[in-house]
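The values are calculated or read from the model by the stated rules, or taken from the named source; none is laboratory data. Because the structure is a prediction, the values reported are computed rather than measured. Glycine also receives a Cβ, built like all others from the backbone with ideal geometry; neighbour counts cover every protein chain displayed.
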Amino acid sequence: MRLVFATTLAASGYIHAQLYIDGYRIIHVNGPLFLLQAGVAFAVATAVPRRDQPSATRPLHLCTSAPDR
């Protein structure tokens with residue numbers, strides 16, 4: 001599932017990078033945001049499959065150890 005998520009993020013980053021290159025860079029505010037989104041998408045897409053901690057998918061209260069009463 002993480003690989004599918006990382007693949008879709010990378011595809012989204014690629015699409016935003018292409019849109020930026022193809023002409024969105026001339027838009028004053030939104031153009032650089034397309035480039036920023038592409039970079040963040042690629043960074044997160046490379047980090048997601050490397051995360052091997054199963055606690056990342058569990059709710060926080062299940063990960064913390066509280067004393068039994």
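Within the range 18-32, residues that are free of Cβ contacts under 8 Å to residues at least 60 places away in the same chain sit with their Cβ atoms under 6 Å from residues that are small (Gly, Ala, Ser), at 6+ positions apart or across chains, in these pairs: 24/31; 25/31.
Checking each residue in the range 19-32 for being modelled with pLDDT of 90 or more and hydroxyl-bearing (Ser, Thr, Tyr) picks out only 20.
List the number of the failed condition for residue 61; all other conditions in (1) out of contact with any helix residue (DSSP H, G or I) (no Cβ under 8 Å at 6 or more places or on another chain); (2) modelled with pLDDT of 85 or more; (3) in a helix (DSSP H, G or I) hold. With respect to (1) out of contact with any helix residue (DSSP H, G or I) (no Cβ under 8 Å at 6 or more places or on another chain); (2) modelled with pLDDT of 85 or more; (3) in a helix (DSSP H, G or I), residue 61 is out only on (2). There is at least one residue in the range 33-55 that is loosely packed, with under 11 Cβ neighbours inside 10 Å, part of a helix (DSSP H, G or I), at pLDDT 55 or above and at negative phi. Of note, residue 5 satisfies the criterion of being assigned to a helix (DSSP H, G or I), modelled with pLDDT of 75 or more, out of contact with any Gly (no Cβ under 9 Å at 6 or more places or on another chain) and not basic (Lys, Arg).
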